[in-house]
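Derivation of every value follows stated rules applied to the coordinates shown; laboratory data play no part. Bear in mind that the values here come from a model prediction, so they are computed numbers and not experimental data. Positions of Cβ are backbone-derived with ideal geometry, glycine not excepted, and every protein chain shown enters the neighbour counts.
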Amino acid sequence: MSLTEKQRYQLKKFVKELEVFRRPHTELVTVYVPAGYDLNKITNHLKQEQGTATNIKSAATRKNVIDALEKMIQHLKLFKQTPKNGLALFSGNVAEREGQNDMQVWSVEPPVPLNTRIYRCDKEFLLDLLRDMLDTKEAYGLVVMDRRDANIALLKGKTIIPLVKTHSQVPGKFRAGGQSAQRFARLREGAAKDHYKKVAEYVKEQFLTLDGLKGIIVGGPGPTKYDFVEGGYITNEVRKKIIAIKDLSYTGDFGLQELLDKSQDVLANEEIVAEKEVMARFFNLLSTKPGMASYGYDETKKNLEIGAVDILLLSEDLEDKTIEEFEDIAKTVGTEVNIISTETREGVQLKEIGKIAAILRYEI
């Protein structure tokens, strides 16, 4: 499941807000409740943890942990049942100075279903599961193969989800007695082609119509992967989705992990490239056809309201209420919304010209 730009922005902001908190002792409480899990069981568990916390030697730490748990227990009373995608809760004394008290509690329903139950009391909040969700905006297809084996998997965030494992009928390198070298070579080549065709069919089945697929990465030892990609076994539609081919030392599960490790450059660039492309298009129009672009709050809002905006560009540096205001209008006129990070040069430029811009449907 892909995150919308708004979900991604809100979750990223939530994580940023909580990741700044650090305590000298293990007293910040994190709880992840899986989708469909009984909240009463979570409340009972937290009460048990309160009893355990009475054994903490430090009086200050003991009080902070017990109070954090109590704050969370009270907060859970606001929910009649577990939200559809589960619930993530965070509580603790986040006062800037030792000895002060600022007991806070936060909760968020994740944009994708939680399947892990976690209780953690630590010096910082456990946010890795939410960070992983930020990486699941899209998925990537992974294909690892040689002449004998192939593994097809889906990459979501940092998680590899195996889909298909197949083994070829290509004979080993040593021929049986009585076979001519030429006949044996033909057998091996024919079996290899059958293997490629079978893998190509599996790749097409898994990835051709998959929603949210950003691209396919193919890897493997030796020249097999190039024979597969360039040998006419896969359709043009599938081939267009291949964004990288990587040399590997392994196949199988080790090969999938190696492919992930060796594709970090590709994966990191994909999202940035898409963002840079849409911003480059805006700045190009601004300089060559200024009537096809607008920027600034008032001008862009006016164009948006009359339905003239094709793509709306909003800096993630804007206030929530402003993003929501523009998103609500965009929804009524069928305008595409892009939340632009400040991590690229183009994103910084957008911030500098007023944080709001648009590519128009027609010249104004």
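Here are a few things to note about the model shown:
- Working ranking of peptides 300-311, 54-65 by packing, defined as the average number of other Cβ atoms within 10 Å per residue, highest first, is 300-311, 54-65.
- Global form of the range 273-360, assessed from the alpha-carbon gyration tensor, a/c cut-off 1.5: oblate
- Of the DSSP H helices in the chain, those that are both long (alpha-carbon extent of 27 Å or more along the helix axis) and hydrophobic (Kyte-Doolittle mean at least -0.5) are 264-288.
- Label assignment, P(r) over Cα pairs in 20 Å bins from 0, in percent derived from the structure, set (1) 30, 56, 14, 0; (2) 23, 41, 30, 6, 0; (3) 29, 54, 17, 1: (2)
- Put a plus charge on the Cβ of each Lys and Arg, a minus charge on the Cβ of each Asp and Glu, and nothing anywhere else: the dipole of the chain about its Cα centre is then about 1540 debye.
- GluC sites (Glu not before Pro) within the range 51-115, DSSP loop, no more than 10 other Cβ atoms inside 10 Å: Glu96, Glu98
- Cβ-placed point charges (K, R +1; D, E -1), dipole of the range 202-351 about Cα centre in debye, nearest 20: 640
- Over 28 Å between alpha carbons, listed pairs Lys84/Lys204; Lys262/Lys351; Lys47/Lys80; Lys156/Lys289: Lys84/Lys204; Lys262/Lys351; Lys156/Lys289
- 3J(HN,Hα) from dihedral phi, the range 233-245, Karplus parametrisation 6.51/-1.76/1.60, rounded to Hz, x for glycine, proline: 7, 9, 6, 4, 4, 6, 4, 4, 7, 6, 9, 6, 10
- Projecting the Cα atoms of Ala35, Val333, Tyr297 onto the dipole axis of the chain, where Lys and Arg carry +1 and Asp and Glu carry -1 at the beta carbon, places Ala35 farthest toward the positive end.
- Dipole in debye (nearest 20) - the range 287-364, about Cα centre, beta carbon charges: Lys, Arg +1; Asp, Glu -1: 320
- Between the amide H of Leu248 and those of Gly220, Gly222, distances stay under 5 Å, these residues lying 5 or more places away or on another chain, with hydrogens modeled in the peptide plane.
- The ranking of Ile73, Ile152 from fewest to most other beta carbons within 10 Å of each one's beta carbon is Ile73, Ile152.
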